[in-house]
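A quick write-up on the structure given underneath.
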Amino acid sequence: MKRLILILLCLQFIFTTCKKESIIPLTNGNNNTGDDSDLSIGDIHQGGVIFYLDSTGQHGFVCDFKDLGIVGWGCHDTLISGADGIGIGNGYQNTIDIELGCAKSNTAADYCANSSAQGYNDWFLPSKDELNQIYLNKDTIQLTNGVSSFSSTIYWSSSESDNKHDYFDAWGQYFGNGFQYGYDKSSSCLVIAIRSF
C-alpha cells in the first residue's frame with residue numbers, strides 16, 4: 001500500500017500539464033480560470049484555495065476546502081528519517097518520508113496522501129511554515145465560497161520536532177492564536193491537505 005501511494009505521489013511529476021477545474025460552485029467572483037498572472041490569496045485554483053504564492057505570483061500552494069478529520073500524527077516514539085523540513089516547499093517530501101518510514105495506517109500523512117479531493121491525488125500534509133501560511137491567511141481563505149471555517153484548535157504539520165520530551169513530537173499549530181508547538185505524535189489533531197501548483 002505504501003509503495004502504491006509513493007508511486008501515485010510521483011506521478012504528479014509526469015502529468016504536470018494536466019489541469020482540472022474546481023467542482024466547487026462559485027458566486028463571489030474569486031474563481032481564477034484564466035491568466036495565472038492574476039492569481040491572489042483566496043482564489044480557487046487547481047482543486048483548492050490559494051494560501052501562498054511565490055515571488056512570481058504564478059506558483060504556490062492551495063489548501064483543501066475542508067479538514068480531513070481528527071487523527072494522531074502516527075509512529076509515536078519513532079524518528080522518521082527526513083521528515084524534519086519546516087520551510088515552505090518541505091511538506092511534500094516530509095509526507096513521502098512519513099509514508100515510507102511509518103507503517104501505521106490512518107495517520108495525518110495517510111489522510112492527505114490518500115485524498116482525492118476535487119479529483120486531485122497529489123495532496124500532502126503541510127510543513128510547519130506552510131501550515132503557518134494557512135493560519136496567516138485563514139480569514140481570507142474562509143471568505144471563499146464553499147470553504148469550511150477553520151476550527152480554533154490544533155492542526156498537524158508534517159514537520160517532526162524533538163523539543164518537548166525525550167520522545168519525538170511533531171509540530172502543530174493552534175488556530176485560535178497561531179501558537180506553534182511540538183505535540184506528542186499520539187495526540188489527536190485536525191488535518192488539512194495541501195497541494196502545489
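The values are calculated or read from the model by the stated rules, or taken from the named source; none is laboratory data. Every value quoted in this text rests on a predicted model; they were computed, and no experiment measured them. Heads up, the Cβs are rebuilt from the backbone with ideal geometry, glycines too, and the neighbour counts pull from every protein chain shown.
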Any hit, segment 126-141, residues being hydrophobic (A, V, I, L, M, F, W, C) and modelled with pLDDT under 95: no
Any hit, segment 49-57, residues being modelled with pLDDT of 80 or more, in a loop (DSSP other than H, G, I, E, B) and not hydroxyl-bearing (Ser, Thr, Tyr): yes
Close pairs from segment 61-83: first closer than 15 Å to residue 130 by Cβ, partner at pLDDT below 90 and surrounded by 22 or more Cβ atoms within 10 Å (Cβ to Cβ), Cβ under 6 Å, at least 6 apart: none
Filter result for residue 65 (buried (at least 20 other Cβ atoms within 10 Å of the Cβ) and either at pLDDT below 95 or assigned to a loop (DSSP other than H, G, I, E, B) (or both)): yes
Cβ pairs under 8 Å, 6+ apart, first in segment 128-155 and free of Cβ contacts under 8 Å to residues at least 24 places away in the same chain, second of a type in the set (Phe, Trp, Tyr): 142/150
